[in-house]
Amino acid sequence: MPIPDYQGFMLPLLKFIADDKEHNIRDVVAGLSDELGLSETERLQMLPSGQQAVVPNRIGWSRTYLKKAGLLSSPRRGFVQISDVGKEVLKENPIKIDYHFLKRFPSFLEFVQPSVADGDESPAATEVEDTQTPDEVLESSYQSLRDALADDLLEQVKSCSPAFFERLVVDLLVAMGYGGSLADAGQAIGKTGDGGIDGIIKEDKLGLDVICIQAKRWEGTVGRPVVQAFTGSMEGVRARKGVLLTTGSFSKDAVEYVERIERKIVLIDGKRLAELMIDYNIGVTTNRTYLIKKPDSDYFAEDEA
């Protein structure tokens, strides 16, 4: 049989993990390939880039969408498990599960149609319309890959140890041009002993100013009291600038508070943290590169003299 597209793998994947156990994704790929009767040639078929096989790539995207809809979870790295929502879906005995089926779940809609300012909604980055040009399709696909990568990064950051998280923050700040050197920043983070500050680093290599750092792996929403405590601790070291990082999010009150005070406080939530890690190559590596070329008009310009 032909290899199913990523939507065609959704229902078989959910049924495969319906026993409520944790399943290694490699075993899932092999098991689904057996159940669907895929030949050895089909299992070895590669994407045009030659960097990844088609079957695990499509099953991977099927898993991503099912996870965004809440039908399955990732209990630990490299494993999947059906959720209570997924069990209820299987009780409906659906003929198929696809992109449009998943749009009934608010968490999936939030993923493919993220809200923007003033309550407007932007077109889904993962929903490509037939009217889009190849350039627009490429841009949409790139954003989808980036969003999925950011989600994966944030999950791994949340599972790392406090010491590793502090080191990650040091690497990121130095890559962004702050903290002086890795050695300087590494000695500063986690050494203050102040309940509201994790470290004080140089703003630049010359040390013309200092920046207070607070970096915690909060799961929920960070409210105004935490931000106020951080600001108060800065007073003790006469610092005017600070960066407060969290793997969670900030409340509206917290955001509005830093906009009103005299000190310059930058709030970096989990989503922004993951995006900065991607932008500054912290914890990521290049998978493959595509070069988009166009005709060189200068080359084809003939002398008219």
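For the chain, set up a Gaussian network in which alpha carbons nearer than 10 Å are linked by springs, and say which option among PRO12, PRO56, PRO134 fluctuates the most.
PRO134
At 1.4 Å probe size, put VAL54, VAL137 in order of accessible surface, largest to smallest.
Putting VAL54, VAL137 in descending order of accessible area: VAL137, VAL54.
Count charges around ASN287 for me, please; just the other residues with Cβ under 14 Å from its Cβ, Lys/Arg as +1, Asp/Glu as -1.
Summing Lys/Arg as +1 and Asp/Glu as -1 gives +1.
With every protein chain left in place, what is the accessible area per residue of the stretch 3-102 in square angstrom, probe 1.4 Å?
In whole numbers, the stretch 3-102 has 51 Å² accessible per residue.
With only alpha-carbon pairs counted, each pair once and no self-pairs, how large is the Kirkwood hydrodynamic radius of the chain in angstroms?
22.6
Take the Cα radius of gyration of the stretch 245-305 and divide it by 2.2 N^0.38 Å, with N its residue count; two decimals is plenty.
Scaled against compact globular proteins, the figure is 2.16.
Seen from all sides and averaged, what is the projected area of the convex hull of the Cα atoms in the stretch 1-50, in nm²?
Hull-based average projected area comes out at 3.9 nm².
Residues with amide H under 5 Å of GLY199's amide H, sequence separation 5 or more or different chain, H placed in the peptide plane at 1.01 Å from N; which?
GLY190, ILE213
Want the number for SER161 to GLU22: 0.36 nm per residue separation, take away the alpha-carbon distance, what's left?
Once the chain is fully extended between SER161 and GLU22, it gains 47.7 nm.
List the GluC sites (Glu not before Pro) in the stretch 1-52 that DSSP assigns to loop (not H, G, I, E or B) and whose Cβ has at most 15 other Cβ atoms within 10 Å. Which are they?
Within the stretch 1-52, the qualifying GluC sites (Glu not before Pro) (loop, at most 15 other Cβ atoms within 10 Å) are GLU22.
Using the structure shown, select from LYS96/LYS293; LYS21/LYS216; LYS103/LYS294; LYS103/LYS264; LYS216/LYS241 the pairs with a Cα to Cα distance greater than 29 angstrom.
LYS96/LYS293; LYS21/LYS216; LYS103/LYS294; LYS103/LYS264
With a cap of 10 neighbouring Cβ atoms within 10 Å, and only residues DSSP puts in a loop, list the GluC sites (Glu not before Pro) found in the stretch 246-278.
The qualifying sites are GLU262.
Give me a comma-separated list of calculated 3J(HN,Hα) values for the stretch 85-100, in order, Karplus coefficients 6.51, -1.76, 1.60 applied at θ = phi - 60°, integers in Hz, x for any Gly or Pro.
5, x, 4, 5, 5, 5, 5, 6, 6, x, 5, 7, 10, 9, 4, 5
Take every DSSP beta bridge whose two residues both sit in the chain, then give the antiparallel share in percent to the nearest 5.
The antiparallel proportion sits near 45 percent.
Which value, in Å³ per residue, describes the convex hull spanned by the Cα atoms of the stretch 1-92?
It comes to 97 Å³ per residue, whole-number rounded.
For an R0 of 22 angstrom, estimate the FRET efficiency from the Cβ-Cβ distance between GLU88 and GLU110 and round to the nearest 0.05.
With a Förster radius of 22 Å, E is 0.70.
With +1 on each Lys and Arg Cβ and -1 on each Asp and Glu Cβ, and nothing else charged, work out how big the dipole of the chain is about its Cα centre, in Debye to the nearest 20.
The dipole magnitude comes to about 1460 debye.
Taking the Cα atoms only, what angle lies between the long axis of helix 162-175 and the longest principal axis of the chain, rounded to 10 degrees?
Taking the Cα atoms of the chain, the angle to 162-175 is about 80 degrees.
The values are calculated or read from the model by the stated rules, or taken from the named source; none is laboratory data. All of these numbers come straight from a predicted model, not from anything done at the bench. With ideal geometry, Cβ positions are generated from the backbone for all residues, glycine too; neighbour counts draw on all protein chains shown. Accessible surface areas use protein heavy atoms only, side chains included; no ligands, DNA or RNA. Shrake-Rupley method; radii C 1.70, N 1.55, O 1.52, S 1.80 Å.
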